[in-house]
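*Asks:* Just dropping this structure here.
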Amino acid sequence: MTKIKSLADLKKMKADLQSQIALREKSDNPEGRVQVRVAMATCGIASGAKEVMEFLIDELEKRNIDAIVSQTGCMGYCYAEPTVEVTLPNQDPVVFGYVDKKKADDIIEKYIKTGELLEGIIPVNYEKID
Amino acid sequence: MAKFKMHMLVCGGTGCRASSSDMLYKNLKKEVQEKGLENEVQVVTTGCFGFCEQGPIVKMIPDNTFYVGVKPEDAIEIVAEHAIKGRKVNRLLYKDPVKKEQIPDSKHMGFYKKQIRIALRNCGLIDPENISEYLALDGYEALGKVLMEMTPEEAIQEVIDSGLRGRGGGGFPTGVKWKIAHDVKGEQKYVVCNADEGDPGAFMDRSILEGDPHSVLEAMTINGYCIGATKGLIYIRAEYPLAIKRLKIAIEQAREYGLLGEDIMGSGFNFDIELRYGAGAFVCGEETALIHSMEGERGEPTFKPPFPAQSGYLGMPTNVNNVETYANIPVIINKGAKWFSSIGTEKSKGTKVFALAGKINNVGLIEVPMGITLREVIFEIGGGIKGGKKFKAVQTGGPSGGCLTEKHLDTPIDYDNLLASGSMMGSGGMIVMDEDDCMVSVAKFYLDFTVEESCGKCSPCRIGNKRLYEILDKITKGQGTMEDLDKLRNLSQVIKDTSLCGLGQTSPNPVLSTLDNFYDEYLAHVTEQKCFAGQCKDLIRYEIIPENCVGCTACARNCPVNCIAGERKQVHLIDQSLCIKCGACMEKCKFNAVTII
């Protein structure tokens, strides 16, 4: 094990280690962050929700967007899987259907970054109980 | 490096481990591996989440799902449903005791709503056996800052300005204590961590050591730099094996990383820490007794002055603080005295950790800002009194504290207010009592503890407390006199005034506070030989109410001494000469046919 020989060493080590635990810190305070939920029921997984979720996690981090990506059960839009719900800070959630990697990329670039709505938005027909 | 998209935090505190959380952790890990998710889901053992009554607890990140009462065999369902399909396992969610609703995440649980976690900041969040996780959350940064950018005097001033007071109970300003140790000359100075937690029902320090040992090591090292010490000692109860194990791991890791030992972080400062084990005597929490115990002598207190800062371990200047006090230090250095002192009341800054126990819905470990009221703690965080019963009293400060009542519920909790109310902060035990508790018996319980734990060195404590106990015992047996009530008060005052150490000086507090607040109960015991709460066995008898008895035989079948007679569908009768007053009949009767007279 290399010893920490200065405060700069310590800070560098912290920066390297932070990503390991960032998810836990962020989750403690989800408000004020972009929250992305990927439906991961059987039909979602079969339609490729897992790949979409991995893409979203990687790309949001690469593009330096402070977001929490989590998975959820069936949202009830089996016809349009994979479905992704995005909640921007202080806004109502918006659900996107038929999300593949390309569409996920659009969601990040257009909706998350600029708030521009895309085609294929599914009206939210449920109410979440907090 | 694996990129985890989900973290499963399994509580690894002593309480949850006693309910097989270590087996649960193994099963979760195995399931995750079997399903090929080891690169996506990280299973971590953390320190205590605080909500001990509901354990074992598993917290799912990032959606903060809070599973309670999880059994090892639930691992299969959690992985299959939550980790793979993102569906919550509803049956494992916490149910609000009052509203009876399921609450999916910790954010919405009353238990966590009013808490501010400073000393417990990393408990339940990081793996205490992995230094990397502590480092990722600003760990040892305060130490680095102090060593590289601050003089000892500046760092001490920061602690003074923060207004932090000793969390062991006495409430002496921590920074001032450090300054005294700094100013005294000595060839070898020592830093001591008091981890001898002896209050009945208290487990704050243990939880911090189990959940975040590095924060204490870091603070002790900062203290060493500030006062000019190169050696640190942690005096810990041998009956805290998990805390000891995790401390040993933490010390080893800190040494490996160059954060303990020679030339820390290249600063030229040397400091190392050793463990010393105590046998678990309450008096050894008193700093002079603790030091004698560490020196291999009997754990007896000595008169102060000289204070340990002047002449402590091996006659050298020694700074003694307790675990919770130390756990606050890195945050004070990192965030600044101003930030810290913005929390709390005028004379008590920051937060306090309490072990909330007794007749309350949410039992557990909480950290709240100073100035919060007892009502908020008991009825909001604690979820109110169990079984919808009436609140009667709350004992704060353990055996050294007193019982507070309804009229104190809206008093903001801080050192001075508690003292003014006839109790004290103590190390932070908080035991809630309901209408079924007899206050004379409560006082007797604490005196029994004090008598047992008195070191015997000074007569007021050794003999006085024993006499107090005997008088209380007499009263609970219905043999007390009015003269005894006067004796109780006088003797208590003498013990308070003449005992050598804090243990004796505070031991009569439970008696005095119950005398002040529940005098009518004492009076009823003495003049009417009655115990309102029905707890004093010599003053009560169980009777069957004939009108309510349907002859179901439940009482007779459950009576351990077979003293209940009666045929099926006929009224039963208790033979008073045989009854041991265990109350099993009353507990089992579904028709309210058993009563206490």
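*Asks:* Within segment B:480-505, count every residue that is of a type outside the set (S, T, N, Q), surrounded by fewer than 19 Cβ atoms within 10 Å (Cβ to Cβ) and touching a Ser or Thr at 6+ places or on another chain (Cβ under 8 Å).
*Replies:* 2
*Asks:* Can you tell which of B:ILE131, B:ILE61 is touching a strand residue (DSSP E or B) at 6+ places or on another chain (Cβ under 6 Å) and either of a type in the set (Gly, Ala, Ser) or surrounded by 17 or more Cβ atoms within 10 Å (Cβ to Cβ) (or both)?
*Replies:* Exactly one residue qualifies, and that residue is B:ILE61.
*Asks:* Restricting segment A:19-42 to residues that are over 24 Å from B:CYS123 (Cβ atoms) and buried (at least 17 other Cβ atoms within 10 Å of the Cβ), which is nearest to the other protein chains (Cβ to nearest Cβ)?
*Replies:* Checked segment A:19-42; the qualifying residue nearest to the other protein chains (Cβ to nearest Cβ) is A:MET40.
*Asks:* Which residue, of A:ILE65, A:ILE108, A:ILE45, is assigned to a helix (DSSP H, G or I) and away from every other protein chain (no Cβ under 14 Å)?
*Replies:* A:ILE108
*Asks:* If we only count helices (runs of 4 or more DSSP H) wholly inside segment B:144-247, which ones have 2 or more residues that are within 14 Å of chain A (Cβ to nearest Cβ) and buried (at least 24 other Cβ atoms within 10 Å of the Cβ)?
*Replies:* Per the criteria, B:213-227.
*Asks:* Have a look at B:PHE49, B:PHE66 and point out the one that is under 13 Å from B:PRO104 (Cβ atoms), within 14 Å of chain A (Cβ to nearest Cβ) and of a type in the set (A, V, I, L, M, F, W, C).
*Replies:* Within the list B:PHE49, B:PHE66, the selection yields B:PHE66.
Rundown of residues vs (1) within 14 Å of chain A (Cβ to nearest Cβ); (2) at positive phi; (3) free of Cβ contacts under 8 Å to residues at least 24 places away in the same chain, yes/no style:
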residue	(1), (2), (3)
B:LEU260	yes, no, no
B:GLY266	yes, yes, yes
B:ALA279	no, no, no
B:ILE332	no, no, no
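*Asks:* When you check B:VAL79 against the structure, is it in a strand (DSSP E or B) and either crowded, with 20+ Cβ neighbours inside 10 Å or of a type outside the set (Asp, Glu) (or both), yes or no?
*Replies:* No.
*Asks:* For segment A:94-105, which residues satisfy the criterion of being part of a loop (DSSP other than H, G, I, E, B) and either more than 24 Å from B:GLU81 (Cβ to Cβ) or within 14 Å of chain B (Cβ to nearest Cβ) (or both)?
*Replies:* A:TYR98, A:ASP100, listed by residue number.
*Asks:* If only one of B:LYS30, B:LYS99 is at pLDDT below 95 and either assigned to a helix (DSSP H, G or I) or surrounded by fewer than 20 Cβ atoms within 10 Å (Cβ to Cβ) (or both), which one is it?
*Replies:* B:LYS99
*Asks:* Restricting attention to segment B:9-26, does a residue exist that is within 14 Å of chain A (Cβ to nearest Cβ), touching a Leu at 6+ places or on another chain (Cβ under 7 Å) and either closer than 23 Å to B:PRO241 by Cβ or at pLDDT below 95 (or both)?
*Replies:* The answer is yes; a qualifying residue exists.
*Asks:* Additional query: For the structure I just gave you, tell me whether A:ASP58 is within 8 Å of another protein chain (Cβ to nearest Cβ), in a helix (DSSP H, G or I), out of contact with any Cys (no Cβ under 9 Å at 6 or more places or on another chain) and loosely packed, with under 15 Cβ neighbours inside 10 Å.
*Replies:* Yes; evaluated as a whole, the condition is true for this residue.
*Asks:* Those residues that are more than 13 Å from B:PHE518 (Cα to Cα) and touching an Asp or Glu at 6+ places or on another chain (Cβ under 7 Å), I need them from segment B:425-441; list them, please.
*Replies:* Residues satisfying the conditions are B:GLY426, B:SER427, B:GLY429.
*Asks:* Can you spot a residue in segment B:182-200 that is closer than 23 Å to B:THR345 by Cβ, at pLDDT 95 or above and of a type in the set (A, V, I, L, M, F, W, C)?
*Replies:* No, there is no match, as no residue in segment B:182-200 is closer than 23 Å to B:THR345 by Cβ, at pLDDT 95 or above and of a type in the set (A, V, I, L, M, F, W, C).
*Asks:* A further question follows. Regarding segment A:77-88, can at least one residue be identified that is surrounded by 14 or more Cβ atoms within 10 Å (Cβ to Cβ), of a type outside the set (Ser, Thr, Tyr), within 14 Å of chain B (Cβ to nearest Cβ) and in a loop (DSSP other than H, G, I, E, B)?
*Replies:* yes
*Asks:* Do any helices (runs of 4 or more DSSP H) lying entirely in segment B:499-538 carry at least 2 residues that are more than 25 Å from the chain's Cα centre (by Cα) and either more than 30 Å from B:GLY171 (Cα to Cα) or among the small types (Gly, Ala, Ser) (or both), and which ones are they?
*Replies:* Fully inside segment B:499-538 and qualifying: B:519-523.
*Asks:* Also, quick follow-up: Across segment A:75-106, what is the number of residues that are of a type in the set (A, V, I, L, M) and without any contact (Cβ under 8 Å) to a residue 40 or more places away in the chain?
*Replies:* 2
*Asks:* Search segment B:5-32 for residues that are on the phi > 0 side of the Ramachandran plot and pair each with any residue that is buried (at least 20 other Cβ atoms within 10 Å of the Cβ) and not in a strand (DSSP E or B) when their beta-carbon atoms are under 9 Å apart and the residues are at least 6 apart or on different chains.
*Replies:* What qualifies is B:SER20/B:PRO56.
*Asks:* Taking segment B:471-497, which residues are touching a residue at least 60 places away in the same chain (Cβ under 8 Å) and assigned to a helix (DSSP H, G or I)?
*Replies:* The answer is B:THR476, and nothing else.
*Asks:* Return the residues of segment A:4-18 that are assigned to a helix (DSSP H, G or I) and facing another protein chain (nearest Cβ under 7 Å); say none if nothing qualifies.
*Replies:* A:LEU7, A:LEU10, A:MET13, A:LYS14, A:LEU17, A:GLN18
*Asks:* Is it true that some residue in segment B:298-310 is at pLDDT below 95, outside any loop (DSSP other than H, G, I, E, B) and charged (D, E, K, R)?
*Replies:* The answer is no, given that none of the residues of segment B:298-310 is at pLDDT below 95, outside any loop (DSSP other than H, G, I, E, B) and charged (D, E, K, R).
*Asks:* Residues to consider are B:GLU286, B:GLU262; find the one that is surrounded by fewer than 17 Cβ atoms within 10 Å (Cβ to Cβ) and not β-branched (Val, Ile, Thr).
*Replies:* B:GLU262 is the lone residue from the list that is surrounded by fewer than 17 Cβ atoms within 10 Å (Cβ to Cβ) and not β-branched (Val, Ile, Thr).
*Asks:* Looking only at segment B:98-129, count every residue that is out of contact with any helix residue (DSSP H, G or I) (no Cβ under 8 Å at 6 or more places or on another chain) and of a type outside the set (D, E, K, R) and tell me the total.
*Replies:* 6
*Asks:* Still on this structure, please answer the following. Identify all residues within segment B:106-143 that are at the interface with chain A (Cβ under 9 Å from one of its Cβ atoms), not in a loop (DSSP other than H, G, I, E, B) and not hydroxyl-bearing (Ser, Thr, Tyr); write none if there are none.
*Replies:* B:LYS107, B:HIS108, B:GLU133, B:LEU135, B:ALA136, B:GLU141, B:LEU143
*Asks:* Failed condition for B:THR151, given (1) in contact (Cβ under 8 Å) with a residue 12 or more places away in the chain; (2) more than 24 Å from the chain's Cα centre (by Cα); (3) farther than 19 Å from B:ARG255 by Cα, with all others met?
*Replies:* (1)
*Asks:* So how many residues does segment A:25-51 have that are under 19 Å from A:LYS102 (Cα atoms) and over 10 Å from the mean Cα position of the chain (by Cα)?
*Replies:* 10
*Asks:* A follow-up question, please. Of the residues A:LYS102, A:LYS128, which is modelled with pLDDT under 85 and exposed (fewer than 12 other Cβ atoms within 10 Å of the Cβ)?
*Replies:* On inspection, the qualifying residue turns out to be A:LYS128.
The values are calculated or read from the model by the stated rules, or taken from the named source; none is laboratory data. The model shown is predicted, which means the values in this text are computed figures rather than measured ones. So basically every Cβ, Gly included, is an ideal-geometry build from the backbone, and we count neighbours across all protein chains shown.
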